[in-house]
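Visitor: Please find one structure pasted underneath; my questions will follow.
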Amino acid sequence: MLSLSGLWSLPCNPTASAQPMEQFIQQCVNALQWGSFYALIALGYTLVYGVLRLINFAHGDIFMVGAYISFFVSTFFLSSSGPALSRDLALALTIPCTVVLTSGVGVTLERIAYRPLRRKGVHRLYVVITALMCGLVLENGNLALLGASRKALPDLLDKHIYMISGIAVTNLKLIVICTALLVFFALHFIVTRSRIGMAMRAVAWDEFALPLMGIPLDRVIVFTFMLGSGIAGLGGMLFAMSYPVLDPYMGAMTGWKAFIAAVVGGIGDIRGAFVGGFLLAFVEIMVAAFLPSTFRDLFAFSILLLILWKRPTGIFGMPMSTKI
Amino acid sequence: MDTTVRDLSQKQGSALISVENLHAGYGKIEALHGISFHVEQGEIVTLIGSNGAGKSSTLKALMRLAPPESPTVTSGEIRCKGQSLLNVEPHNVVDRFKMTLVPEGRHIFGNLTVMENLHLAAWTRKNEDTRKSLDHIFGLFPRLAERARQRSDTLSGGEQQMLAVGRALMTNCSVILLDEPSMGLAPVLMYDMFRTLKRLNDSGLTIVVVEQNARLALEVADRGYVLDTGEIVAEGSGEELMRRPEIMEAYLGG
C-alpha cells in the first residue's frame, strides 16, 4: 500500500498562507468534494444492505471498475482512430456510458455470484464472504489484464479556478459536489415516491411476502444493484477526473472507508450514507489540515468509534426498523 | 383411505385447483407424504389438523414459494385451471393464475403505510383504475380507511389481519389461500373475519383456509380435509366432519 500513498494524499491546499478562517473554509470546500466520493459509494452500500441485508463488499471495487470504464470509454471517444469526438461531446457521452456499463457489472455480479446463493437459501455470512472474494477477483483480474502500470484519464474538462474572497473553488469541485447532491435527491425521490422504490422498501421489511403481491423479487433486487453500481460508476468517473491516476486497488481503501461512513450514518438509511460520507471526509481533512497527516486515519476512525459507541446503530439508524 | 381420496381427485378433471399425490419436504425431511385434494370454483375449502400436520406447507407449495421457508416438491402434481404450477414462479402464480396467499403471521410491510401496502398489492394491475377495489376493501374494513396514512406496524393485530386480507383482495385474485387468519385475534374479531370471508365467497371468491380453530372453519367451509403428519386422513363436507366423533376427538378437541 505504501507505493499508493500518492493517491491517498488529500486535495492540497492552494492557499496555505491564508488566514486561519479562510483556511478553514477552504478545507471545508475540499471536504465537501472528498465527502462527495464517500457519499456516492456509501449510497450503494446502504441501498443493497437496506434491501437485502447484504454487505456488498465488492462495492468499492465496482467504484474502481467505474473509473476504469470511464477511462476506456473516454479514450475511445477521443482517439483519432475512433470517433475522434470533441472533448465536450466525449464527456457528455462518457457519463451515461460509464453509468450503464458499471451498473451492468454490478448486475452481473448479482446474477453469477449472489443470486445462486440466495436461491439455495444459504446464510447471509456466506454471501458476504462471496462479495469479499468478488471484490478481490475484480481487483486482481484488473491487475492481470491491464498490468500494474497506472492509467491516466484523458482531460475531459477545462479546469477553471474561481477565487471567492480568497477561497479557491474549481469547476470540477462544484460539479462533484452538485452531482452528489443531485444523486441523493434523485435516489430519495425514487425510494420514497416511485412504485419500484416502494417495492424496495417492502423487500427491506419482508421479502417473503413480496411475490404474494405478484411482484418479481429478482427484478427489484436487480434494480437495486443497478442503482447502486450506477452511482458508484458515476463516482468512479468523477474521482478519476479529479485525481486522474487509476490503479486496481483504488477502490479497496476508499470502499472500506465509504462502508464505514455508511455504518456511522446508519447503514440501510440513505440519509445516513450521505451524512456519514461527508462526516468522515470532514474529520479526515480537518485532522490532516491541523495535525501531522500521519494522524489522519487514527484520529478519523477514533472519532467514528466514539460515535458508534454512543449510537451503535449509527446516526440515522434505528434497530431493525425502517431501513432504506 | 389414501387410495380412495386419490381416486376421487383423479375424477375431478375440471377442478379449479387439483393436487395429486404431492410429496414435498424441507431438505431431506419430507413434510407431505403424497396428499391429494381438489378445490372447485367458488368453494370454501378448509384444511384442518394439529401442529406440524403440513397445512401451511401445503399452502406454500401451492403458491410455489421458494425454499428455505417453503417446501420443495419432490413428486406429484399441482394444477390450476388444468395447467401445472410446478414450474411457475410465485409472482406469476399471482399474475397469471390469480391465486394469492395471506400468510401466517400476516407479513404486512410494516415500514409502509396502510395505503402504500394496498397500492403495492396492485402491482400487476399497472394500468387499471384501482379506486373501486380500494372502496370495496374500505367498505369491508372501515378501520383501514381510518388508518390509511398510518405506518402499518402501528396497527393492532386485528387491523393488521384486515390489511393482510385487504392486500390480497387488492391483487384482484380469484382464489385466496389463508393461513391461520384467526391467529392472535380476540373471539369477536375472529367471527367478524370469518363472516367477511363468507361474504367475499358469496360474491364469487374461492377460498382455501387453513385453521387451528377447526370448529370455526368447518362452520363456514363447504368441504374440509383433515391432515395428520403429512397425509390426508379424512375428508367431507363441514357438517359431515363435525358429526364424526373420532375426528372431533382427535383433531377438534372433542
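The values are calculated or read from the model by the stated rules, or taken from the named source; none is laboratory data. Keep in mind the model is a prediction, meaning the values are calculated, not measured. In this analysis, Cβ positions are derived from the backbone assuming ideal geometry, glycine residues included, and neighbour counts consider all displayed protein chains. Calculation scope for accessible area: heavy atoms of the full protein, side chains included, ligands and nucleic acids excluded. Shrake-Rupley method; radii C 1.70, N 1.55, O 1.52, S 1.80 Å.
Visitor: Report whether or not A:Gly60 is closer than 29 Å to A:Met200 by Cα, part of a helix (DSSP H, G or I) and modelled with pLDDT under 95.
Guide: no
Visitor: Another question, then. Pull up region B:89-137, narrow it to residues that are more than 21 Å from the chain's Cα centre (by Cα) and polar (S, T, N, Q), then point me to the one that is surrounded by the fewest Cβ atoms within 10 Å (Cβ to Cβ).
Guide: Taking the candidates together, the pick is B:Asn127.
Visitor: Say we look at region B:151-171 and pick out the residues that are over 22 Å from B:Lys98 (Cα atoms) and in contact with a helix residue (DSSP H, G or I) (Cβ under 6 Å, 6 or more places away or on another chain); which of these is surrounded by the fewest Cβ atoms within 10 Å (Cβ to Cβ)? Walk me through how you get there before you give the answer.
Guide: The initial filter retains those residues of region B:151-171 that are over 22 Å from B:Lys98 (Cα atoms), namely B:151-160.
With in contact with a helix residue (DSSP H, G or I) (Cβ under 6 Å, 6 or more places away or on another chain) added as a condition, the list becomes B:152, B:158-159.
Numbers: B:Ser152: 25, B:Gly158: 18, B:Glu159: 21.
Of everything passing the filter in region B:151-171, B:Gly158 is surrounded by the fewest Cβ atoms within 10 Å (Cβ to Cβ).
Visitor: In region A:58-69, is there at least one residue being in contact (Cβ under 8 Å) with a residue 12 or more places away in the chain and more than 22 Å from A:Phe274 (Cα to Cα)? It would help to see each step written out before you state the result.
Guide: So the first thing to find is which residues in region A:58-69 are in contact (Cβ under 8 Å) with a residue 12 or more places away in the chain, and the list is A:58-69.
Keeping just the survivors that are more than 22 Å from A:Phe274 (Cα to Cα) gives A:68-69.
Checked against the condition, which is being in contact (Cβ under 8 Å) with a residue 12 or more places away in the chain and more than 22 Å from A:Phe274 (Cα to Cα), region A:58-69 yields at least one hit.
Visitor: Which pairs have Cβ atoms under 7 Å, sit 6 or more apart or on different chains, and link a residue in region B:210-224 that is modelled with pLDDT under 90 to one that is open to solvent by 30 Å² or more (accessible area, probe 1.4 Å) and not in a loop (DSSP other than H, G, I, E, B)?
Guide: Hits for this filter: B:Ala214/B:Tyr251.
Visitor: Mind checking which pairs have a first residue in region B:62-78 that is more than 7 Å from every other protein chain (Cβ to nearest Cβ) and a second that is assigned to a strand (DSSP E or B) and open to solvent by 40 Å² or more (accessible area, probe 1.4 Å), Cβ under 6 Å, 6 or more apart or different chains?
Guide: What qualifies is B:Pro71/B:Tyr26; B:Thr74/B:His23; B:Ser75/B:His23; B:Gly76/B:Glu20; B:Gly76/B:Asn21; B:Gly76/B:His23; B:Glu77/B:Glu20.
Visitor: Sticking with this one: If you go through region B:147-185, how many residues are part of a loop (DSSP other than H, G, I, E, B) and either of a type in the set (Phe, Trp, Tyr) or in contact with a Gly (Cβ under 7 Å, 6 or more places away or on another chain) (or both)? Step through it out loud before you land on a result.
Guide: From region B:147-185, those part of a loop (DSSP other than H, G, I, E, B) are B:147-150, B:155-156, B:171-174, B:180-185; that's our starting set.
Next, only the ones that are either of a type in the set (Phe, Trp, Tyr) or in contact with a Gly (Cβ under 7 Å, 6 or more places away or on another chain) (or both) stay: B:171, B:184-185.
Qualifying residue count, region B:147-185: 3.
Visitor: Do you know which residues across region A:285-298 are part of a loop (DSSP other than H, G, I, E, B) and of a type in the set (A, V, I, L, M, F, W, C)? Working first, answer last.
Guide: So in region A:285-298, the residues part of a loop (DSSP other than H, G, I, E, B) come out as A:291-292.
Listed by number, the list holds a single entry, A:Leu291.
Visitor: Additional query: For region B:79-88, enumerate the residues that are hydrophobic (A, V, I, L, M, F, W, C) and either in contact with a Ser or Thr (Cβ under 7 Å, 6 or more places away or on another chain) or open to solvent by 40 Å² or more (accessible area, probe 1.4 Å) (or both). Give the steps one after another, and end with the answer.
Guide: Step one: of region B:79-88, the residues hydrophobic (A, V, I, L, M, F, W, C) are B:80, B:85-86, B:88.
Scanning region B:79-88 gives a single hit, B:Leu86.
Visitor: Follow-up question, since we're still on this one. With respect to A:Ala300, determine if the residue is crowded, with 23+ Cβ neighbours inside 10 Å and of a type in the set (Gly, Ala, Ser). Even if it seems obvious, please write down each step before you answer.
Guide: On the way: crowded, with 23+ Cβ neighbours inside 10 Å: no; of a type in the set (Gly, Ala, Ser): yes.
No.
Visitor: Quick one: what pairs do we get from region A:299-324, first residue part of a loop (DSSP other than H, G, I, E, B), second modelled with pLDDT under 85, C-beta under 7 Å, 6+ apart or different chains?
Guide: Partner pairs satisfying both residue conditions: A:Thr313/A:Pro319.
Visitor: Could you list, ordered by first residue, the pairs with Cβ atoms under 6 Å in which the first is in region A:181-206 and within 11 Å of another protein chain (Cβ to nearest Cβ) and the second is of a type in the set (Lys, Arg) and not in a helix (DSSP H, G or I), at least 6 apart or interchain?
Guide: Correct list of pairs: A:Ala204/A:Lys323.
Visitor: Can you go through A:Gly104, A:Gly82 and tell me which one is loosely packed, with under 13 Cβ neighbours inside 10 Å, of a type in the set (Gly, Ala, Ser) and more than 21 Å from A:Trp34 (Cα to Cα)? Give the derivation first.
Guide: Values: A:Gly104 fails: loosely packed, with under 13 Cβ neighbours inside 10 Å.
From the options A:Gly104, A:Gly82, the qualifying one is A:Gly82.
Visitor: From the list B:Glu116, B:Glu89, pick out the single residue that is within 13 Å of chain A (Cβ to nearest Cβ), acidic (Asp, Glu) and either within 20 Å of B:Ser174 (Cα to Cα) or touching a strand residue (DSSP E or B) at 6+ places or on another chain (Cβ under 6 Å) (or both).
Guide: Numbers: B:Glu116 fails: either within 20 Å of B:Ser174 (Cα to Cα) or touching a strand residue (DSSP E or B) at 6+ places or on another chain (Cβ under 6 Å) (or both).
Unique residue meeting the criteria: B:Glu89.
Visitor: Within region B:125-136, is there a residue that is out of contact with any Phe, Trp or Tyr (no Cβ under 7 Å at 6 or more places or on another chain) and facing another protein chain (nearest Cβ under 10 Å)? Spell out how you get there, then give the answer.
Guide: First pass over region B:125-136, keeping only residues out of contact with any Phe, Trp or Tyr (no Cβ under 7 Å at 6 or more places or on another chain): B:125-136.
Pick out the ones that are also facing another protein chain (nearest Cβ under 10 Å) and you get B:125-126.
Yes, region B:125-136 contains at least one residue that is out of contact with any Phe, Trp or Tyr (no Cβ under 7 Å at 6 or more places or on another chain) and facing another protein chain (nearest Cβ under 10 Å).
Visitor: Which residues, counting only those in region B:204-231, are over 21 Å from B:Pro181 (Cβ atoms) and either assigned to a strand (DSSP E or B) or among the β-branched types (Val, Ile, Thr) (or both)? Walk me through how you get there before you give the answer.
Guide: The first filter runs over region B:204-231 and keeps only residues over 21 Å from B:Pro181 (Cβ atoms), leaving B:228-231.
B:Asp228, B:Thr229, B:Glu231, listed by residue number.
Visitor: Name, by its number, the condition in (1) within 14 Å of chain A (Cβ to nearest Cβ); (2) at pLDDT 95 or above; (3) closer than 22 Å to B:Asp228 by Cα that does not hold for B:Asp95.
Guide: (3)
Visitor: Another question, then. From (1) of a type outside the set (S, T, N, Q); (2) out of contact with any His (no Cβ under 9 Å at 6 or more places or on another chain); (3) on the phi > 0 side of the Ramachandran plot, pick out the condition that doesn't hold for B:Leu205.
Guide: The single condition B:Leu205 does not satisfy is (3).
Visitor: Give the residue that is farthest from A:Gly236 (Cα to Cα), with candidates limited to residues of region A:107-139 that are within 14 Å of chain B (Cβ to nearest Cβ) and open to solvent by 90 Å² or more (accessible area, probe 1.4 Å).
Guide: Out of the qualifying residues, it is A:Lys120.
Visitor: Which one of B:Ser57, B:Ser36, B:Ser50 is closer than 30 Å to B:Leu241 by Cβ, in contact (Cβ under 8 Å) with a residue 12 or more places away in the chain and touching a Pro at 6+ places or on another chain (Cβ under 6 Å)?
Guide: Numbers: B:Ser36 fails: touching a Pro at 6+ places or on another chain (Cβ under 6 Å); B:Ser50 fails: touching a Pro at 6+ places or on another chain (Cβ under 6 Å).
None of the other options fit; the residue is B:Ser57.
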